[in-house]
Structures are given as structure tokens and as C-alpha cells.
Amino acid sequence: MRLFNPWEMGQDQTKQQIEKGLHLYQSNQTEKALRVWMRVLEKSADPAGRFRVLSCLITAHAEMGRYKDMLKFAVVQIDTARELEDPDFLTESYLNLARSNEKLCEFQKTISYCKTCLNMQGTTVSLQLNGQVSLSMGNAFLGLSIFQKALECFEKALRYAHNNDDKMLECRVCCSLGNFYTQIKDYEKALFFPCKAAELVNDYGKGWSLKYRAMSQYHMAVAYRKLGRLADAMDCCEESMKIALQHGDRPLQALCLLCFADIHRSRRDVQTAFPRYDSSMSIMTEIGNRLGLIQVLLGVTKCWMIQKELDKALESIEKAQELAEGLGNKLGLLKLHCLCERIYRTKEQQQELRDHVVKFHECVEEMELYCGMCGESIGEKNNQLQALPCSHFFHLKCLQTNGTRGCPNCRRLSVKPRYV
């Protein structure tokens, strides 16, 4: 028989304290909210209440960029879900575990936990989480530069969002699609999707967190910079940064600083770019965003190249290459080989030049970054692209010119020799 403990919280008190923490959190009193929630976690005798407060702690630590703490609470939540023996709670806890690993750039683990979620036989509540699971899996595939699978996951997430009339999820998917098309250099779509996200915020986001507006503005800023619209990029990035500072959103602050630095580099203002790269790098290192660090180091490398400091550029490349290899980020490696090719061509070091040309083309083949119709590369310059239902993508002009009776990439895969 369980003895009564006067210091324990019951179900009603647990619920009240969770709500108190939420009110504090929404009022930007984050540290006070965390103290309230931690007390609930320590004192509550209600397992379902502990599960809910763990969800609050996971979300708060994610937005502050405390990803290792986020992971720690996600692991505790798995144990709580098992104690409750509820498939819906277990699905949600595995999703939080997947998200924690996604933030820490542990992409293979993210994919594994997402697959666990999708294989669980929960109720309709669990099925409603499948859109968020698909989004997290898509982000992980994108981190690994597996573009077809990333797009397939994003499109599934978008279908879930439409079927469930989930505008918040749709907004998040649009931001991820903006990132996707930025990476493969269809800058019109890279701008279209975050603009769509911003529309959703304006139309439906009256009661939403301001982070949705901030994220859409950030992705718009990235696309505007790529299109050469630097004044528009600066305006969007400043609005995003303002919200990030107000809410203590360290991950978004780091991304905005990176974008500011890239804008100044695009203006050839290297002296203004460098300190912003340094500030971004400091936060990225603090929170553990290794994928972001690769982008910072790429920007720093290009600044050194503008200044014709090629040895310093190679030092930055070496650091970025170690990170990219550790993460399995093939697009990062491709960009680094491309920069090395330019440096060694300038230095007239033929052997090193040839090595990086070969490695560059190996990356292109591995990522299938070429059009299956014309054979030309994808992602080398801004081009309008179009995906088929199988999520293979081609130059839009090639599809318009040649049409298609099925996907040529899928046809080639189907006739590859198989070994028994």
C-alpha cells in the first residue's frame, strides 16, 4: 500500500502548476517557468502530469538551444510513457527523442526514432503526430543530403497538415521546403514557400507563438539574399532577429547572425561580415549546431578568398570538412571540394586540383544532383526545378520540352542488376 506523502502534488495541483508555468513562459519569464515545471517533475505523484510537464521542459529547452538538456528530458519521458503503458504517450515521447537528436545533428538516430514512431499502433491521436514525425525525418534526410527522401517526407508532412487542417504544421513544413530548395538552388521556390508560411502566420497565427513569424522571415531573408535582393534580405532578417532577441531564441539568433554575415559578404564588406560570423559560430558551438557551423565556416572561407588569404581559407575548409564528414553532410563536402578546386587552381597545384575535381564529381553522383533528362548538374546555379510524384526532381524546362511517361530515374533504378 502506497503511503500518503504530504509533500507530493496530486493530479489537480499538478495541472494548476503546469498551467502556471505555461503562463510564465508565454510572458517571457522562462527561468521562472522552468523552476515551476522542475518542481512539478520532482513532486508530482501523477504520471500523466509528469509526462505533460516533461513535454513543456522539452519544448522550452529546444527553443533556448539547450539541446543536450532537451535530450535528457526526452529520455526520462520515454520511461514515463512506458510506466503509463499508453501507445499515444509512447509515440509522442519517441517523437521528442527524434527531435532532440535532430537538433543535435544526430541524423541517423533521428530517422531511426521516427521510423519507430511510424510503426507504432496507437490511436487517432498518434496518427495525428505522423505529420510532425515526417517533418522531423525530412529534416534529418536533408541534413544527410538525401534529397529525394527528404522531399518525399516533406510532401507527406504537408499532406498530413492539409488532411488535419493543421496550419502550424503546414507553416513549419513550408519553412523546411524553403531550406530544401535553397540547398538545391531553385531560389524562386526557396522564396515561395517561406512567403506561404508568412501568409499562414498572417491569416491564422493570431494566437501562435511569434517564433512562426520569425522563422518564416528568416527563410525569406535567406532566399532574398540568394536572389541578390539584399535590402529585402536585411529587412526580413532584422525582423526575425528582433523576435529572436525578445524571446531568448538562441538557435534563431545564431542563424540570423549567419544571414547578416552572408549579406555583408555579398556586398563585399568582409570587415563587417567577419565579426558576425564569429558571433554566430560562438552560439552554434554553444548549442551544438554542427550543421550550422559548416555554413559559418563556408562563409568565412569565402571571405578569406575575397581577401586572397588562401592558406587561411584552407584552414577553415579543413575544420568544415571534419564536421561535414562526421555528420555525413554530403552537400557540405561537395561545396568544400568546389572551393578547394578554385583555391588550388589559383595556387597552380595540379595534383590537389585533380583530387578535388574527382571528389566533387563523386559527391554529385552520390547525391544524384543531375537532371535525369539532360544530364546537366542540379544545384550548380539557380534553376527552376520540378519534382515528379516519386520525388525525383528535374529541370522544369526539360519536363516542359520533353514531357515524361514516368520517371526516367526510377526506370534506370529498376533495370540495375541485382545480386542474389
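The values are calculated or read from the model by the stated rules, or taken from the named source; none is laboratory data. This is a predicted model, so every value here is computed, not measured. So basically every Cβ, Gly included, is an ideal-geometry build from the backbone, and we count neighbours across all protein chains shown. In case anyone asks, the SASA skips ligands and DNA or RNA and just uses the protein heavy atoms, side chains included. Shrake-Rupley method; radii C 1.70, N 1.55, O 1.52, S 1.80 Å.
Considering only residues that are among the polar types (S, T, N, Q) and surrounded by fewer than 24 Cβ atoms within 10 Å (Cβ to Cβ), which ones fall in segment 202-230?
N202, S209
With respect to E199, is the statement that it is within 28 Å of E368 (Cα to Cα), open to solvent by 30 Å² or more (accessible area, probe 1.4 Å) and over 15 Å from the mean Cα position of the chain (by Cα) true?
no
Quick one: in segment 320-341, which of the residues that are over 21 Å from the mean Cα position of the chain (by Cα) and open to solvent by 30 Å² or more (accessible area, probe 1.4 Å) is farthest from Q183 (Cα to Cα)?
Here the residue is E341.
Is it the case that segment 393-408 has a residue that's modelled with pLDDT under 85, assigned to a strand (DSSP E or B) and surrounded by fewer than 19 Cβ atoms within 10 Å (Cβ to Cβ)?
no
Out of (1) without any contact (Cβ under 8 Å) to a residue 24 or more places away in the chain; (2) within 21 Å of N101 (Cα to Cα); (3) surrounded by fewer than 20 Cβ atoms within 10 Å (Cβ to Cβ), the odd one out for G288 is which?
Condition (1) is where G288 drops out.
I'm trying to understand the selection: among the residues of segment 162-183, which are modelled with pLDDT under 95 and crowded, with 23+ Cβ neighbours inside 10 Å?
Within segment 162-183, no residue meets the criteria.
Check whether at least one residue in segment 38-60 is over 24 Å from G207 (Cβ atoms), without any contact (Cβ under 8 Å) to a residue 12 or more places away in the chain and surrounded by fewer than 18 Cβ atoms within 10 Å (Cβ to Cβ), and report yes or no.
Yes; the residues of segment 38-60 include at least one that is over 24 Å from G207 (Cβ atoms), without any contact (Cβ under 8 Å) to a residue 12 or more places away in the chain and surrounded by fewer than 18 Cβ atoms within 10 Å (Cβ to Cβ).
For segment 33-50, indicate whether the set of residues that are of a type in the set (S, T, N, Q) and assigned to a helix (DSSP H, G or I) is non-empty.
no
Look through segment 365-389, keep the residues that are in a helix (DSSP H, G or I) and in contact with a helix residue (DSSP H, G or I) (Cβ under 7 Å, 6 or more places away or on another chain), and return whichever of them is most open to solvent (accessible area, probe 1.4 Å).
E366
In segment 80-119, what residues are aromatic (F, W, Y) and more than 15 Å from the chain's Cα centre (by Cα)?
Answer for segment 80-119, where residues must be aromatic (F, W, Y) and more than 15 Å from the chain's Cα centre (by Cα): F89, Y94, Y113.
Which condition does R268 not pass, out of (1) in contact with a Lys or Arg (Cβ under 8 Å, 6 or more places away or on another chain); (2) outside any helix (DSSP H, G or I), if it passes all the others?
Here R268 meets the rest and fails (1).
So for segment 105-117 (the condition being at pLDDT 95 or above, in contact with a Lys or Arg (Cβ under 7 Å, 6 or more places away or on another chain) and either open to solvent by less than 60 Å² (accessible area, probe 1.4 Å) or of a type in the set (D, E, K, R) (or both)), does at least one residue qualify?
Looking through segment 105-117, at least one residue is at pLDDT 95 or above, in contact with a Lys or Arg (Cβ under 7 Å, 6 or more places away or on another chain) and either open to solvent by less than 60 Å² (accessible area, probe 1.4 Å) or of a type in the set (D, E, K, R) (or both).
Determine which member of the set C105, C117, C56 is part of a loop (DSSP other than H, G, I, E, B) and either under 24 Å from A150 (Cβ atoms) or in contact with a Leu (Cβ under 9 Å, 6 or more places away or on another chain) (or both).
Of the residues listed, the single one that is part of a loop (DSSP other than H, G, I, E, B) and either under 24 Å from A150 (Cβ atoms) or in contact with a Leu (Cβ under 9 Å, 6 or more places away or on another chain) (or both) is C105.
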